[in-house]
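Q: Below is the structure I would like to discuss, written out as structure tokens.
The values are calculated or read from the model by the stated rules, or taken from the named source; none is laboratory data. It should be emphasised that the depicted structure is a prediction, and the values quoted were computed from it without experimental measurement. Using ideal geometry, Cβ is built from the backbone for each residue, glycine included, and neighbour counts are taken over all protein chains shown. These accessible areas exclude ligands, DNA and RNA; they are computed on the full protein's heavy atoms, side chains included. Shrake-Rupley method; radii C 1.70, N 1.55, O 1.52, S 1.80 Å.
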Number of protein chains: 2
Amino acid sequence: MYRTNTCGELTLSETGKKVVLCGWVQKSRDLGGMTFIDLRDRYGITQLTFNMEVNSSLCEQARTLGREYVIQVEGVVAERYNKNKNIPTGDIEIIVETITVLNEAKLPPFTIEDNTDGGEELRMQYRYLDIRRNAVKNNLLFRHKLSMEIRNYLSEKGFIEIETPFLISSTPEGARDFIVPSRMNEGKFYALPQSPQTFKQLLMIGGMDKYFQIVRCFRDEDLRADRQPEFTQVDCETSFVTQEDVLQTFEGLYKDLFQKMKGITMEDFPRMTYDKAMNTYGCDKPDIRFGMPFVELTELLQHRHFAIFNDAEYIVGVCAENCAGYTRKQLDALTDFVKRPQVGASGLVYLQCNEDGSFKSSVDKFYTQEDLQAVASKCNAKAGDLILILCGKKEHTQKSMCELRLEMGNRLELRNPNLFKPLWIVDFPLFEWDEETQRFYAKHHPFTAPKPEDEYLMETNPIAVRANAYDLVINGVEVGGGSVRIFQRETQKKMFKVLGFSDEEAQKQFGFLMNAFEYGAPPHAGIAFGFDRMCAVFCGVDSIRDFIAFPKNNAGKDVMINAPSTVSKEQLNELNIISTVKDIQ
Amino acid sequence: MYRTNTCGELTLSETGKKVVLCGWVQKSRDLGGMTFIDLRDRYGITQLTFNMEVNSSLCEQARTLGREYVIQVEGVVAERYNKNKNIPTGDIEIIVETITVLNEAKLPPFTIEDNTDGGEELRMQYRYLDIRRNAVKNNLLFRHKLSMEIRNYLSEKGFIEIETPFLISSTPEGARDFIVPSRMNEGKFYALPQSPQTFKQLLMIGGMDKYFQIVRCFRDEDLRADRQPEFTQVDCETSFVTQEDVLQTFEGLYKDLFQKMKGITMEDFPRMTYDKAMNTYGCDKPDIRFGMPFVELTELLQHRHFAIFNDAEYIVGVCAENCAGYTRKQLDALTDFVKRPQVGASGLVYLQCNEDGSFKSSVDKFYTQEDLQAVASKCNAKAGDLILILCGKKEHTQKSMCELRLEMGNRLELRNPNLFKPLWIVDFPLFEWDEETQRFYAKHHPFTAPKPEDEYLMETNPIAVRANAYDLVINGVEVGGGSVRIFQRETQKKMFKVLGFSDEEAQKQFGFLMNAFEYGAPPHAGIAFGFDRMCAVFCGVDSIRDFIAFPKNNAGKDVMINAPSTVSKEQLNELNIISTVKDIQ
């Protein structure tokens, strides 16, 4: 062992002890007669002291050490004169007796500090240096601890972690697969799993009634900000359970995690139907840390001569408390916000509820004070509040108002990152209709069961069929979702039929699962959580990237190792493929 | 919840309790007035009872249930008349009141019994049914428990599990990579990792001084029996440690695992150098559950007129205790064994040490009784023992004798599967010479450090350079291995030079790692264990396949889901590749 202690553990009780420490030179201060070095490792920082009068050559040697040099020092723990209350080792320092340079270091391309001067790109390229920073390091430690807690909780509840294969076969349904040419099976390809969905269902059929896995999944999609081509999922499935059992079990998991990771005792999680969420918050993952529910104003506002409202399918308002005093500039900024392409509204109507009981609105000339009073009442607005109104096609307007509501939540600082408000969304529709391809898609996935009481509608009115499907939303972020599954071949056939599969296509792609249903499939249900996202939500941050040790950029590249890269012609020959891109070598 | 209890937990103390059970119909016995059904789930078997006189229609219904039907029953726990001492629930039965058929089942293609009638191929095709069998199920439960113990042990010791990427870049050194065409980066390919080797080293450079990961790895090699294209590794790395620290830490892990998983308290693990292992057992993973060490007889036997011995580079014997009485037939069988192509000897010489003190040998005419006495003495043979002798080229003969020794161990039942004999092999050579390609290869991998005292030989006599590399062998199986790593750019450059890399090639393939060495790389060392193999070794079985939920066959196929399979032309077009195999659709 190169060291007796770490740089994060020595305190006054070790005074006088001879120790050996290893670490990186964080900082060096030369005060003439004295030199101080902050030595850093994963566990903390310890101050090293060198005295010119006591040992001038050692002190000279210390002065030659550059930032990020890796050194080993031997010395004695001593009480510090100027104590540093900000770090656990701040009461002591090491009177160094010998220094061994284990490795030199070039000047790092950015500072290894909490507030680094390195830009995103540079830090990605030198990710191994970025990992030395507390921010990234602590995220990785948090991730480890969270995964341990999840595994231990589920294991104690009788869940078994079972590894499912990574080299599987490609299915056209769903997102785009990454594929892997098979050398031994000419002309054939494996696919990397988008999730272990079918395997976990086969495990249920195999009688392993409580399964989980923390597992990498892959999706070859165009990467939006904060999406990764490979991501980690906490994947779970249980047999002989209802939706209620699944919600109870995993609510239990989250309560345990909030307790262990954050020291927070959570109340029971509220539940909301998909329809209610859409009508109240305009999306299926509402942030309920704050109110500001949607109030539909369509009927109330369509009886006057304001053509834009009269032509609108849907008019909706939200009430921002105590914002009646917003200036012209602030209101213009909100109008600009809603007109952004990502939000997509054509304009914003506002209604200020003045302290004197009067109302001022951008559509004053079309409405009487009584009209505006009625709107204010419907919105439960009081004097001093501001009502923001959007109109247009219903679905589109809900989406825009959802964005506006969140923006107001941000502006009013109602989205406290230290407050956690989980919410189960239930009763999702089984299908959604896609205008472009003119077909139904499974809202969750094609293995989701219809609610038994809605199953008769599958052939006549698919869009009305609800599913026992559920999402867990925390602070406006969908951390996971699942469903009760189909476990009977006939229901699965009906499902594929609505999705436009011929019997042959269904058999070709999912025949193994449909066959398995014939050999004694138990009723089962499951859920999966995005683990990267889960880490971010628990830490109250938006980006998942810093919870991944070696993330890829938005082009799917690892700029540190330069992946993907070219391969040799011989490799492609062996795999019986040709690249159509010229000059790849 | 569909059930109040599992089929593995009810005992006499629950007599009279009303319960609901779910499971699969294992067996049904119709005894005229009574019908008994064995109901099975993951946890066990519970007997269900139906009485024709009490409820004839229910009893009739029970008789219609086929094997592997999934049912839910409600009933009352009762003491059993004929108790079954072989199962935990054998004292009770359920007097059933209602049956609900949750799903019917076709007759399974093989019996779901401990001794099934299904062949390997059929069981692979219906793996989900095979998993219902105790043999496979218990292996998966064992695997889960082992992984939990490993994670908890390492986590308690301060190790952090960090996930490394699966989509990396291809490197020609080592085994063949699986590659993944990148759609977003035209003409470029990801590779699936053969191990997280470089990433874990980068984590050390990043200061995460104790890393582990239980992680899938991939190798596109021709599959010998019991090799899988994807396999799971327990991958570990530590900074600021020596070889001794690594051996201590992971010996501690294994002692803990033997205690927890097998209830065995292990002694300290012996250590043996690579040279000693090769000379004593002819291989670097000796089974030391039994003795029978090699005894070199070259000098002793080359002074007479037996040309075959006189021409041999190497003559070696082993002593099989109490086998002097082997019949002609038994000796012929051994000769046939050594002549197999896998063993590769041209013949076998034996020497029987008779009870009367005389010797009988297949080479009697060339040697005197005194000569034979000398051989027996050198082999420490006593009256009643049998000495088996092989000769030829040294390396080849060692290999053959290694096989013969193991065969004798099997025949003499000296390889007790319930006895565990771990052994560290240390001081591996850094390089091995390959005759075919006329170049050096890294014996472990190109990141292994030379022993400091041997480093000066790297340029002049590479084959003599030893490494601080180590393997853990249990019962003749290599369960893992590792090494102290190179952490300085100059040493790494020297290494690549011996391996025949130009500076440019080295920079192109491993530049990111060599660059990283310049920014403060700490000394580090690591180890990795084959997790599938580890499970098998702990359970005393040879095959890893039944510890993998969904294994592939020797052609790399998953015959259950039919992977790999063809993909659409559109998929290949998007990826800018063409298959050279005709008619793939």
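Q: Sequence-distant or interchain residues sharing an amide H contact under 5 Å with B:GLU97, placed H: which?
A: B:GLU74, B:GLY75, B:VAL76
Q: Below 8 Å, C-alpha to C-alpha, sequence gap of six or more: please give me the relative contact order for chain B in percent.
A: Relative contact order here is 12 percent.
Q: Expressed as a whole percentage, what fraction of the accessible surface of region A:36-78 belongs to carbon and sulfur atoms when a 1.4 Å probe is rolled over the protein heavy atoms?
A: Looking at region A:36-78 in its full context, I get 47 percent from C and S.
Q: Please work out the FRET efficiency for the pair A:ASP356 and A:LEU107, using the Cβ-Cβ distance as r and a Förster radius of 60 Å; give the result to the nearest 0.05.
A: 0.40
Q: So for region B:290-415, considering every pair of alpha-carbon atoms, how many percent are separated by more than 27 Å?
A: That tail contains 8 percent of the Cα-Cα pairs.
Q: Averaged over peptide B:569-579, how many Cβ atoms belonging to another chain are found within 10 Å of each residue's Cβ?
A: Counting other chains' Cβ atoms within 10 Å and averaging over B:569-579 gives 5.
Q: Compute the separation of the alpha-carbon centres of region A:92-153 and region B:315-380 and state it in Å as a whole number.
A: For region A:92-153 versus region B:315-380, the Cα centre distance is 63 Å.
Q: Might you work out the accessible area of A:CYS217 for me, using a 1.4 Å probe with all protein chains in place, and round it to the nearest 10 Å²?
A: 0
Q: While we're looking at this one, here's another question. For region A:290-415, what's the relative contact order in percent, using C-alpha pairs closer than 8 Å and at least 6 residues apart?
A: This gives 34 percent for region A:290-415.
Q: Take the alpha-carbon centre of region A:1-52, take the same for region B:552-585, and report the distance between them in whole Å.
A: 58
Q: Any idea of the accessible area per residue across the protein assembly as shown, 1.4 Å probe, to the nearest Å²?
A: About 42 Å² of surface per residue is accessible.
Q: Continuing with this model, one more query. Note every residue of region B:502-522 with a reduction of at least 40 square angstrom in accessible area, all protein chains present versus the isolated chain, computed with a 1.4 Å probe, or write none.
A: Buried on complex formation: B:PHE512, B:GLU518, B:TYR519, B:GLY520.
Q: I need the trypsin sites (Lys or Arg not before Pro) found in region B:498-585, filtered to DSSP loop residues with at most 10 other beta carbons within 10 Å of theirs.
A: Those that pass, being in a loop and sparsely packed, are B:LYS582.
Q: Now for a different question. Arrange the residues B:GLU504, A:GLU505 by how much accessible surface each exposes, largest first, with a 1.4 angstrom probe.
A: Output order, biggest surface exposure first: B:GLU504, A:GLU505.
Q: Does any residue of region A:200-227 lose at least 30 Å² of accessible area with all protein chains in place compared with its chain alone, and if so which ones (probe 1.4 Å)?
A: A:LEU202, A:LEU203, A:ILE205, A:GLY206, A:GLY207, A:MET208, A:ASP209, A:ARG216, A:ASP220, A:ASP222
Q: Another question about this same structure. Please identify the GluC sites (Glu not before Pro) of region B:247-309 that satisfy two criteria: DSSP loop assignment and at most 11 other Cβ atoms within 10 Å. Which are they?
A: Passing sites in region B:247-309 are B:GLU267.
Q: Under 5 Å between amide H atoms, partner at least 5 residues away or on a different chain: which partners does A:GLY23 have, H built in plane at 1.01 Å?
A: A:ILE71
Q: Sticking with this structure for a sec: Mind grabbing the accessible area of A:LYS360 for me, 1.4 Å probe, Å², rounded to tens?
A: About 90 Å², ignoring ligands and nucleic acids.
Q: Would you work out what percent of the accessible area of region B:326-413, with all protein chains in place, is carbon or sulfur (probe 1.4 Å)?
A: The value for region B:326-413 is 49 percent carbon and sulfur by accessible area.
Q: Averaging sequence separations of C-alpha pairs under 8 Å and six or more residues apart, then dividing by the length of region A:1-127, give the relative contact order as a whole percent.
A: Answer for region A:1-127 is 25 percent.
Q: While we're here: Buried accessible area between A and B (1.4 Å probe, both chains summed, ligands and nucleic acids excluded), in Å² to the nearest 100?
A: Accessible area lost upon association: around 11100 Å².
Q: For chain B, take N as its residue count and report Rg(C-alpha) divided by 2.2 N^0.38 Å.
A: This ratio for chain B stands at 1.22.
Q: For a quick size check, give me the Cα extents of region A:448-570 along its three principal axes, largest first, whole Å.
A: For region A:448-570, the Cα extents along the three principal axes come out at 53, 50, 29 Å.
Q: Here is a follow-up. Evaluate Rg over Rh across region B:1-128, taking Cα atoms for both radii and Kirkwood's formula for Rh.
A: 0.98
Q: Counting Lys and Arg as +1 and Asp and Glu as -1, each charge on the Cβ, what is the dipole of region A:290-415 about the Cα centre in debye, to the nearest 20?
A: 300
Q: How many nm separate the modelled label positions at A:LYS18 and A:ALA333, each set 7 Å beyond the Cα in the direction of the Cβ?
A: Result: 6.4 nm between the two label points.
Q: In region B:379-440, which trypsin sites (Lys or Arg not before Pro) fall in coil by DSSP and have 15 or fewer other Cβ atoms within 10 Å?
A: B:LYS382, B:LYS393
Q: Across peptide A:547-554, how many C-beta atoms of other chains are within 10 Å of each residue C-beta, on average?
A: Averaged over the peptide's residues, the number is 4.
Q: Below 16 Å, Cα to Cα, which lysines can B:LYS382 reach? Residues fewer than 8 away in the same chain don't count.
A: Those lysines meeting the cut-off are B:LYS360.
Q: Between A:ASN410 and A:ARG439, what is 0.36 nm times their sequence separation minus the Cα-Cα distance? Round to one decimal in nm.
A: Answer, rounded to one decimal: 6.7 nm.
Q: Oh, and also: So which residues in region A:239-261 end up with at least 30 square angstrom less accessible surface once the other protein chains are there, compared with the chain by itself, probe 1.4 angstrom?
A: A:PHE240, A:ASP245
Q: Now for a separate question. Would you mind giving the mean number of other chain beta-carbons within 10 Å of the Cβ of each residue in A:457-469, as a whole number?
A: 0
Q: Spin-label point model (7 Å from Cα, Cβ direction): what's the A:ASP268 to A:LEU141 distance in nm?
A: About 3.8 nm, to one decimal.
Q: Under 12 Å from the Cβ of A:LEU419, count the other residues' Cβ atoms, weight Lys and Arg +1, Asp and Glu -1, and hand me the total.
A: +2
Q: Right, something else. What FRET efficiency would be calculated for the residue pair A:ILE308, A:ASN279, taking the C-beta separation as r and a Förster radius of 22 Å, to the nearest 0.05?
A: 0.50
Q: A:LYS421: which lysines have alpha carbons under 24 Å from its alpha carbon, excluding same-chain residues fewer than 8 sequence positions away?
A: Result set, ordered by chain and number: A:LYS145, A:LYS255, A:LYS260, A:LYS262, A:LYS276, A:LYS285, A:LYS399.
Q: Taking the full set of protein chains and a 1.4 angstrom probe, give the accessible area of A:TRP433 in square angstrom, rounded to the nearest 10.
A: 110
Q: Just add up the charged neighbours of A:GLN61: K/R +1, D/E -1, any other residue whose Cβ is under 15 Å from the Cβ of A:GLN61.
A: -4
Q: Now, a different point. So how far apart, in nm, are the two label points at A:ASP503 and A:MET184 if each is 7 Å from Cα heading toward Cβ?
A: Taking the two extended label points, one gets 3.6 nm.
Q: Using a label point 7 Å beyond Cα on the Cα-Cβ vector, give me the inter-copy distances for B:ASP117 in nanometres, one decimal, shortest first.
A: Shortest to longest, the spacings are 8.0 nm.
Q: Right, here's the next one. Have a look at B:VAL318, A:PHE431, B:TRP424 and report the one farthest towards the positive end of the charge dipole of the protein assembly as shown, computed about the Cα centre with Cβ charges (Lys/Arg +1, Asp/Glu -1).
A: B:TRP424
Q: Using packing as a proxy for protection, rank B:514-524, A:459-469, B:440-450 so that the peptide with the highest average count of other Cβ atoms within 10 Å comes first.
A: Per-residue mean Cβ counts within 10 Å order the peptides as B:514-524, B:440-450, A:459-469.
Q: Indicate, rounded to the nearest 5 percent, the antiparallel portion of the DSSP beta bridges found entirely in region A:290-415.
A: 100
Q: Go from 0 up to the bin containing the longest alpha carbon distance in the protein assembly as shown, width 20 Å each, and give me the % of pairs per bin.
A: Percent of pairs per bin, in order: 10, 32, 34, 19, 4, 1, 0.
Q: What is region B:125-233 by shape, rounded, prolate or oblate, if you read a ≥ b ≥ c off the alpha carbon gyration tensor as root eigenvalues and call it rounded for a/c under 1.5, prolate for a/b larger than b/c, and oblate otherwise?
A: oblate
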